[in-house]
Amino acid sequence: MCITSSRQLKQVRKEFLDGDARFEKKVMICCGTGCLANGAQEIVDEFDSILRKKRIKGFTIEAVRSTGCHGFCEQGPLVIIEPRGTFYTKVKVKDVADIIEKSIRSDEVIDKHLYTDPATKQKIERYPDVAFFSHQQRIALRNLGKIAPHNIKDYIANGGYQSLAKVLTTMTPDDVITEVSKSGLRGRGGGGFSAGRKWRSCADVESDTHYVICNGDEGDPGAFMDRSIMEGDPHSVLEGLAIAAYAVGAKEGFVYVRDEYPLAVVHMQKAIEDCRKEGLLGENIFETNFCFDVHIARGAGAFVCGESSALMKSVAGEVGEPRAKYVRSVVKGLHDQPTVLNNVETFANIPIIFEKGADWYAGIGTKKSTGTKVFSLVGKVRNTGLIEVPMGITLRQIIFDIGGGIIDDRPFKAVQTGGPSGGCLPESKLDLPVDFDSLTENGSMMGSGGMIVMDDRTCMVDVAKYFTDFLVKESCGKCVPCREGLYQLHKLLVKISEGRGEESDIDRMEQLSEVIVNASLCGLGQSGPNPLLSTLKYFRDEYTAHIRDKRCPAGVCRELITYNITDECTGCMACISACAYHAITGQKKKVHVIDQEKCTKCGACVAACRFNTIDVR
Amino acid sequence: MVTLTINGKLVRAREGEMLLDAIRREGIEIPATCQHEAVEPYGACRLCTVEITKADWGGWKNHVTSCLYPVQEGLIVSTHSEDVIRIRKTILDLFLARCPNAELIQNMAAEYGITRTSYEEVPDGNDCILCGLCTRVCDKMGFQAISTVGRGHGKEVAPPLGEAPPDCVGCLACAQICPTNYIKFTDDGTTRTIWGREFELVKCETTGQPTITKEFAAYLVKHRNIPEDYFTRCDSAHREELAKTMGRITHWGRQEEA
């Protein structure tokens with residue numbers, strides 16, 4: 001059957017909701033990659049096998065939904081029982097029978113599966129009351145965890161494709177672009193360029209062929225927001241892409257997904273096929289003259305292919321190297337045709353802008369950065385996962401209210417935002433309102449939204465070294481400042497972290513960085529020295545400690561630290577069995593000793609010691 | 001035509017022309033390693049970076065690679081500003097750390113007063129400067145036999161899977177365009193070896209001189225509509241035949257005049 005009108009969409013929605021009305025309860029099982037790795041599929045299977053044998057009034061296996069990522073990956077696998085919103089964490093296969101018996105057949109809440117608030121130590125029953133969720137505002141992630149991503153009807157039942165119908169049947173392409181401009185939406189891939197302006201420039205180029213591309217090549221270490229959206233709500237991306245195609249006059253679109261995201265590829269492919277079947281992709285969509293089809297282009301995992309011009313080369317089957325963008329992609333992009341490229345999160349925001357209006361969207365966030373931003377909050381923070389917050393929220397609110405503060409209540413040291421091209425912000429910047437411009441002004445950047453929290457045991461020289469090494473390996477290797485410059489920058493950082501640094505090295509690194517920033521071909525090189533420059537800006541004393549005192553204050557750089565057992569040692573022998581190199585000797589109830597010759601400074605003894613008597617300095 | 005200022009002098013240039021061409025026409029020397037008239041500009045070495053501004057940019061300046069930047073009306077270009085010199089020196093310094101023995105780089109660096117790199121030498125450095133001229137010329141010839149392989153600091157030029165390239169015809173375009181003579185080949189008049197593959201040479205039926213490889217000849221016959229027997233004669237044999245023909249034509253002319 002082909003859906004040809006808004007009325008038919010409503011019909012599909014009604015049928016689906018009527019079907020759902022049979023169930024007194026519904027179970028939402030998070031089947032995002034994090035929860036799947038923790039056994040979510042086995043939990044779904046267990047529900048299936050139990051419900052095959054047992055009949056429950058007002059409940060069948062159809063009411064059990066495998067949904068996309070809920071975001072709170074730390075606590076997975078997650079099971080939510082609607083309509084109450086009972087929130088069970090860290091569920092195991094053996095718990096399923098109990099959950100069916102108590103929480104589905106009757107209304108009992110099983111305390112032991114509930115989430116405990118780390119601050120108040122209180123058990124919380126409903127997920128909207130959990131601090132991790134209650135401070136969020138979900139727009140791009142609106143459907144994640146609520147719908148089954150492989151079921152197009154579930155998406156339509158939640159208002160899906162109504163925006164596309166509205167755009168195609170009541171608006172001109174010009175109206176569409178004006179509306180997007182009015183919403184103030186800025187590209188969520190990192191640059192923060194106005195989406196409306198980009199679409200306008202592309203639409204203005206006269207050509208028989210225009211292209212739209214969705215960038216799903218998310219490569220920042222620790223970032224997984226685009227992955228989760230493609231896995232958990234692929235239709236919203238497709239709907240956004242189709243609206244963009246109509247606006248700029250494209251007949252063909254591509255979704256570029258990295259092949260390391262197999263589930264995203266599968267769900268995206270399924271979504272495209274379902275759309276073709278329902279007539280939402282193909283010829284004369286909604287009985288208008290608009291024809292549009294989407295293909296998946298799979299990336300082979302090069303970080304640089306997230307750069308727009310490299311991505312377009314990769315789609316065209318060439319080596320993924322960026323080109324100089326003196327002529328922009330909106331004029332000469334894929335196959336030298338005008339091309340609009342936005343990332344997954346940007347497209348996921350589009351349908352709701354047309355559903356609720358540009359003014360509604362522009363009212364969220366700050367004046368220059370409207371709407372919300374998805375962050376993947378990771379590192380030394382209690383609640384890790386995927387969060388969506390309005391722009392302008394402070395780092396403190398994100399890390400302490402949503403993230404629940406630092407693990408073990410250790411002191412906060414820095415937060416790294418923007419992936420390898422971003423920078424580290426210190427404690428003094430915790431009250432900084434987060435938006436595109438404020439982060440850039442302070443030496444970091446929004447990037448695609450990675451946020452890595454660090455405590456006092458993180459060495460900033462080591463952090464800069466890690467990210468620079470990442471970029472040395474992931475640079476495309478085309479231009480000299482990036483390929484050779486970052487390599488030499490990394491060499492200097494290694495030298496400092498090994499205690500061979502000289503006072504002049506900091507100046508040398510700064511001078512070299514300036515050339516890399518000014519002379520590199522693409523954004524990767526131009527922002528490549530950011531991790532170094534931002535740590536130098538805020539943690540210069542740590543560099544000096546490494547160079548002048550040959551000391552690593554955080555106790556990380558192996559060449560500069562020694563492990564010693566203090567006199568408070570109780571002689572419990574735990575560290576002796578933990579040490580794989582047999583470097584620790586000692587007798588029961590007597591102070592143990594570390595043989596410095598054998599010690600590899602792996603830190604296993606520190607982890608094993610319950611009395612905190614191993615001194616690292 | 002557009003008018004722009006290069007180092008203080010008003011200059012006219014063709015629309016769509018690249019800045020580097022306009023600069024060189026003025027007799028100003030700028031180093032560039034990845035630029036060659038045979039292939040499209042690439043922008044990899046960044047040595048041709050210049051500083052640009054415009055009267056209405058409010059003092060804002062930008063650094064662009066002149067090989068790729070199309071000329072613009074009113075552009076004010078500075079080819080040897082302090083910032084540009086610093087960028088060029090740093091790049092040559094970085095190049096020397098990777099290719100200390102490449103003569104081209106040594107000479108360019110010497111012009112900017114650098115004789116030894118101030119950075120740590122790359123342990124497995126060689127003479128390849130990764131300018132991409134070889135792979136681009138191979139693409140342009142229509143073979144795509146070699147390509148850059150890998151990424152980051154370990155990137156190199158190589159045939160597929162490091163094996164003898166199946167699409168190579170032994171035309172030597174890559175070796176001839178290589179500015180540092182890094183691409184090696186042997187040619188003993190009967191066989192030619194390049195990229196680990198051996199090619200048999202076609203010999204001239206008249207002089208016995210080698211012409212081109214059999215694979216290259218077959219390619220040109222098939223794709224460029226060149227007569228099959230064309231390569232069985234060397235250049236001097238072709239010339240000789242041409243001279244004879246021309247001689248006959250001239251002879252006829254004289255007869256008619258008389």
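Taking only pairs six or more apart or across chains, which ones have beta-carbon atoms under 7 Å, a first residue in the range A:408-435 that is in the same structural domain as A:Phe467 (by TED's automatic domain parsing), and a second residue that is part of a helix (DSSP H, G or I) and open to solvent by less than 50 Å² (accessible area, probe 1.4 Å)? If the second residue must be part of a helix (DSSP H, G or I) and open to solvent by less than 50 Å² (accessible area, probe 1.4 Å), no pairs are left.
Applying the criterion of being within 14 Å of chain B (Cβ to nearest Cβ) and part of a helix (DSSP H, G or I) to the residues of the range A:524-543, the residue that is surrounded by the fewest Cβ atoms within 10 Å (Cβ to Cβ) is A:Gln526. Take the residues in the range A:312-332 that are under 28 Å from the mean Cα position of the chain (by Cα) and more than 20 Å from B:Arg136 (Cα to Cα), then tell me which one is nearest to the other protein chains (Cβ to nearest Cβ). Per the stated criteria, the residue is A:Arg328. Please determine whether any residue of the range A:488-499 is within 29 Å of the chain's Cα centre (by Cα), under 30 Å from A:Arg188 (Cβ atoms) and either within 14 Å of chain B (Cβ to nearest Cβ) or open to solvent by less than 10 Å² (accessible area, probe 1.4 Å) (or both). Yes, some residue in the range A:488-499 is within 29 Å of the chain's Cα centre (by Cα), under 30 Å from A:Arg188 (Cβ atoms) and either within 14 Å of chain B (Cβ to nearest Cβ) or open to solvent by less than 10 Å² (accessible area, probe 1.4 Å) (or both).
For the range A:553-573, the criterion of being loosely packed, with under 13 Cβ neighbours inside 10 Å, touching a helix residue (DSSP H, G or I) at 6+ places or on another chain (Cβ under 7 Å) and not assigned by TED's automatic domain parsing to the domain that holds A:Ile496 is satisfied by no residue at all.
I'd like to verify a number: residues in the range B:163-213 that are within 12 Å of B:Ala145 (Cα to Cα) and open to solvent by 90 Å² or more (accessible area, probe 1.4 Å), how many?
To start, the set of residues in the range B:163-213 that are within 12 Å of B:Ala145 (Cα to Cα) comprises B:163-174, B:194-195, B:197.
Narrowing further to those that are open to solvent by 90 Å² or more (accessible area, probe 1.4 Å): B:163, B:166.
Here the count works out to 2.
Report yes if some residue within the range A:505-514 is part of a loop (DSSP other than H, G, I, E, B) and either outside the structural domain of A:Phe303 (by TED's automatic domain parsing) or farther than 30 Å from B:Gly132 by Cβ (or both); otherwise report no.
Initial filter on the range A:505-514 (part of a loop (DSSP other than H, G, I, E, B)): none.
No, the conditions are met nowhere in the range A:505-514.
The one condition from (1) surrounded by fewer than 13 Cβ atoms within 10 Å (Cβ to Cβ); (2) without any contact (Cβ under 8 Å) to a residue 40 or more places away in the chain; (3) more than 11 Å from chain A (Cβ to nearest Cβ) that B:Asn62 does not meet is (3).
A:Ser504 meets all of the listed conditions (1) more than 29 Å from A:Ile399 (Cα to Cα); (2) among the polar types (S, T, N, Q); (3) buried (at least 24 other Cβ atoms within 10 Å of the Cβ) but one, namely (3).
Scanning the range B:144-162 for residues that are of a type in the set (A, V, I, L, M, F, W, C), away from chain A (no Cβ under 12 Å) and surrounded by fewer than 20 Cβ atoms within 10 Å (Cβ to Cβ) yields a total of 2.
Does A:Asp455 qualify as being touching a residue at least 12 places away in the same chain (Cβ under 8 Å), closer than 30 Å to B:Leu130 by Cβ, open to solvent by less than 10 Å² (accessible area, probe 1.4 Å) and of a type in the set (D, E, K, R)?
Numbers: touching a residue at least 12 places away in the same chain (Cβ under 8 Å): yes; closer than 30 Å to B:Leu130 by Cβ: no; open to solvent by less than 10 Å² (accessible area, probe 1.4 Å): yes; of a type in the set (D, E, K, R): yes.
Spelling it out, it is not the case that A:Asp455 is touching a residue at least 12 places away in the same chain (Cβ under 8 Å), closer than 30 Å to B:Leu130 by Cβ, open to solvent by less than 10 Å² (accessible area, probe 1.4 Å) and of a type in the set (D, E, K, R).
Annotation: A:Asn442 fulfils all but one of (1) within 14 Å of another protein chain (Cβ to nearest Cβ); (2) surrounded by fewer than 24 Cβ atoms within 10 Å (Cβ to Cβ); the unmet one is (1).
Within the range B:75-111, the set of residues being closer than 20 Å to B:Ile6 by Cβ, in contact (Cβ under 8 Å) with a residue 24 or more places away in the chain and either of a type in the set (Lys, Arg) or open to solvent by 10 Å² or more (accessible area, probe 1.4 Å) (or both) comprises B:Ile76, B:Ser78, B:His80, B:Ser81, B:Asp83, B:Ile85, B:Arg88, B:Glu111. Of everything listed in (1) in a loop (DSSP other than H, G, I, E, B); (2) among the β-branched types (Val, Ile, Thr); (3) within 30 Å of A:Gly422 (Cβ to Cβ), the single unmet condition for A:Ile547 is (1).
Reported count of residues in the range B:122-142, each being of a type outside the set (Asp, Glu), without any contact (Cβ under 8 Å) to a residue 40 or more places away in the chain and open to solvent by 20 Å² or more (accessible area, probe 1.4 Å), is 3. Return the residues of the range A:182-209 that are within 17 Å of A:Ile350 (Cβ to Cβ), of a type outside the set (Gly, Ala, Ser) and in a loop (DSSP other than H, G, I, E, B); say none if nothing qualifies. Correct list: A:Leu185, A:Arg188, A:Phe193.
Considering B:Glu29, B:Glu51, B:Glu37, B:Glu15, which residue is free of Cβ contacts under 8 Å to residues at least 60 places away in the same chain, under 22 Å from A:Pro322 (Cα atoms), of a type outside the set (A, V, I, L, M, F, W, C) and assigned to a loop (DSSP other than H, G, I, E, B)? Working first, answer last.
Numbers: B:Glu29 fails: under 22 Å from A:Pro322 (Cα atoms); B:Glu51 fails: assigned to a loop (DSSP other than H, G, I, E, B); B:Glu15 fails: under 22 Å from A:Pro322 (Cα atoms).
Going through B:Glu29, B:Glu51, B:Glu37, B:Glu15 in turn, just one is free of Cβ contacts under 8 Å to residues at least 60 places away in the same chain, under 22 Å from A:Pro322 (Cα atoms), of a type outside the set (A, V, I, L, M, F, W, C) and assigned to a loop (DSSP other than H, G, I, E, B): B:Glu37.
Of all the residues in the range B:110-127, those that are within 13 Å of chain A (Cβ to nearest Cβ) and farther than 18 Å from A:Val472 by Cα number 2. Among residues of the range A:492-506 that are in contact (Cβ under 8 Å) with a residue 40 or more places away in the chain, those with a beta-carbon under 8 Å from a residue that is part of a loop (DSSP other than H, G, I, E, B) and open to solvent by 20 Å² or more (accessible area, probe 1.4 Å) at least six positions away or on a different chain give the pairs A:Gly499/A:Lys550. Which ones in the range A:465-487 are open to solvent by less than 10 Å² (accessible area, probe 1.4 Å), closer than 13 Å to A:Met509 by Cβ and either at pLDDT below 95 or touching a His at 6+ places or on another chain (Cβ under 9 Å) (or both)? Residues satisfying the conditions are A:Thr468, A:Leu486. So in the range B:18-57, with the set limited to residues that are of a type in the set (Asp, Glu) and away from chain A (no Cβ under 13 Å), which one is farthest from the chain's Cα centre (by Cα)? Per the criteria, the residue is B:Asp56.
Does A:Gly525 qualify as being in contact with a Gly (Cβ under 9 Å, 6 or more places away or on another chain) and either over 30 Å from A:Asp435 (Cβ atoms) or modelled with pLDDT of 95 or more (or both)?
On the way: in contact with a Gly (Cβ under 9 Å, 6 or more places away or on another chain): yes; either over 30 Å from A:Asp435 (Cβ atoms) or modelled with pLDDT of 95 or more (or both): no.
Against the criterion (in contact with a Gly (Cβ under 9 Å, 6 or more places away or on another chain) and either over 30 Å from A:Asp435 (Cβ atoms) or modelled with pLDDT of 95 or more (or both)), A:Gly525 does not qualify.
The values are calculated or read from the model by the stated rules, or taken from the named source; none is laboratory data. Nothing here was measured: the structure is a model prediction, and the numbers come from that model. Note: ideal-geometry Cβ built from the backbone for every residue, glycine included; neighbour counts use all protein chains shown. Side chains included, ligands, DNA and RNA excluded: accessible areas come from the protein's heavy atoms. Shrake-Rupley method; radii C 1.70, N 1.55, O 1.52, S 1.80 Å.
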